[in-house]
Amino acid sequence: MLSYTAVIVTFNRKKAVRNALLRQFKQTVPAKRIIVVDNHSTDGTKEYISDILNDHKDTVRYLRMDENLGGSGGFYYGMKAALEEHTDLIGISDDDASYDEDYFEKIIDCAENHPNDMAFCGSMYINGNLDLTAAKMLANDKLLRFVPSKKEDYSQKSFYIDDWPFVGPVFRGELIEEIGLPRKDFFIWYDDSEYALRMHQNGYRYRLVSDAKIQIYQLDEVRFALWKQYYGFRNELYCLNKYSSGIYKVIYRQYMIWKKYASVFLKSSNKGQRKSALIAYHKAIVDSRNKNLGKTVEPGEKF
């Protein structure tokens, strides 16, 4: 049977990462190694899970970053460490992803039956409902336009998709060695889509295993935070500059910019912070054009 390493990235959510570890131990196929990447938490995370670290020294490896590198940096260093374990597969997630107990068993079964496929994922459920927006198809590789999967796709045992968030994807080690690690300089957001675009360039796609399920029991207003929106828009524009070409890049970039500006006045999530939103999006546009990546805005920073 194929072996795997599980990577969990956390920051200041000690209860969540503890639960994530306990859930990982319940997998019907256990991980050879579990790597916890602590993004310089200040809530006593290491102390809170010290009993687990002590009781599972042979399985759990704890990596504490010297600063908060965001999800992108966390996945970069987590996957880098996972490669050192020399397992067949590497699965990654934040600390709030809840795998069904047979998730990795089903992913491994699919990987063994499809040896030419290099990346896998399951079905995402948010608050108990299938999320059709998680799995995406690349509708236009010149415009880098993704569209969501269709509900009928999930009636198949497995099917191909082009993009999946860094919530439970499983990669063969040789894929990571071939195309490289995720971009740590994105900080958060769109690092998963950039990785998917890199996969696409090298002729790879995700195979989604329909009955391998990931549960997410949260999605609150925090996701509308402007500092997160800034990173997402900056990184998306950067990818458009990098992976698109010619007149398509120029026209579609302008379309995206004006669409984003329009959203400031049309989206209810921007109500009460429209001036700040305009500042954030303008900074994203300038920084993407100047290739000013990395942590350029502190988490929680106001515009």
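Structure notes:
- With respect to the conditions (1) of a type in the set (S, T, Y); (2) in contact with an Asp or Glu (Cβ under 6 Å, 6 or more places away or on another chain); (3) surrounded by fewer than 16 Cβ atoms within 10 Å (Cβ to Cβ), T45 lacks only one, and its number is (3).
- Counting only residues that are hydroxyl-bearing (S, T, Y) and part of a helix (DSSP H, G or I), region 64-102 holds 3 of them.
- If you check Y160, Y154, Y190, Y204 for being within 16 Å of the chain's Cα centre (by Cα) and either in the same structural domain as N68 (by TED's automatic domain parsing) or over 21 Å from F233 (Cβ atoms) (or both), only one passes: Y190.
- Residue in region 142-153 that is among the aliphatic types (A, V, I, L, M), surrounded by fewer than 19 Cβ atoms within 10 Å (Cβ to Cβ) and either modelled with pLDDT under 95 or at positive phi (or both) present: yes
- Among (1) exposed (fewer than 11 other Cβ atoms within 10 Å of the Cβ); (2) under 26 Å from K184 (Cα atoms); (3) without any contact (Cβ under 8 Å) to a residue 60 or more places away in the chain; (4) not small (G, A, S), the one test that E298 misses: (3)
- Per the listing E101, E105, the residue uniquely touching a residue at least 24 places away in the same chain (Cβ under 8 Å), surrounded by fewer than 17 Cβ atoms within 10 Å (Cβ to Cβ), charged (D, E, K, R) and farther than 17 Å from T5 by Cβ is E101.
- Single residue of region 1-24 satisfying the filter (assigned to a helix (DSSP H, G or I) and small (G, A, S)) that is surrounded by the fewest Cβ atoms within 10 Å (Cβ to Cβ): A16
- Residue match in region 226-249 (condition: in a loop (DSSP other than H, G, I, E, B) and of a type in the set (G, A, S)): yes
- A196 meets the stated requirement of being at pLDDT 95 or above, under 14 Å from the mean Cα position of the chain (by Cα), surrounded by 14 or more Cβ atoms within 10 Å (Cβ to Cβ) and among the small types (G, A, S).
Conditions tested, residue by residue: (1) out of contact with any helix residue (DSSP H, G or I) (no Cβ under 8 Å at 6 or more places or on another chain); (2) surrounded by fewer than 21 Cβ atoms within 10 Å (Cβ to Cβ).
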{"position": "R61", "(1), (2)": "no, yes"}
{"position": "G74", "(1), (2)": "yes, no"}
{"position": "D117", "(1), (2)": "no, yes"}
{"position": "A139", "(1), (2)": "yes, yes"}
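- Listed by position, the strands (runs of 3 or more DSSP E) inside region 126-185 whose residues that are of a type in the set (F, W, Y) number at least 2 are 158-161.
Residue by residue, here is whether (1) over 20 Å from K157 (Cβ atoms); (2) within 20 Å of the chain's Cα centre (by Cα) holds:
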| site | (1), (2) |
| --- | --- |
| A81 | yes, yes |
| T87 | yes, no |
| I92 | yes, yes |
| S98 | yes, yes |
| D102 | no, no |
| H114 | no, no |
| G122 | no, yes |
| N127 | yes, yes |
| A134 | no, yes |
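- Among (1) more than 16 Å from V297 (Cα to Cα); (2) not in a helix (DSSP H, G or I), the one test that W189 misses: (1)
- Test: residue in region 214-226 that is modelled with pLDDT of 95 or more and under 30 Å from N68 (Cα atoms): yes
- Top-ranked residue in region 154-175 [being in contact with a Ser or Thr (Cβ under 8 Å, 6 or more places away or on another chain) and among the hydroxyl-bearing types (S, T, Y); ranked as farthest from D94 (Cα to Cα)]: S155
- Total residues in region 39-63, condition touching a strand residue (DSSP E or B) at 6+ places or on another chain (Cβ under 6 Å) and either basic (K, R) or part of a strand (DSSP E or B) (or both): 4
The values are calculated or read from the model by the stated rules, or taken from the named source; none is laboratory data. Keep in mind that this is a model prediction, so the values were computed, not measured. Here the Cβ is made from the backbone with ideal geometry for all residues, glycine too, and neighbour counts use every protein chain on show.
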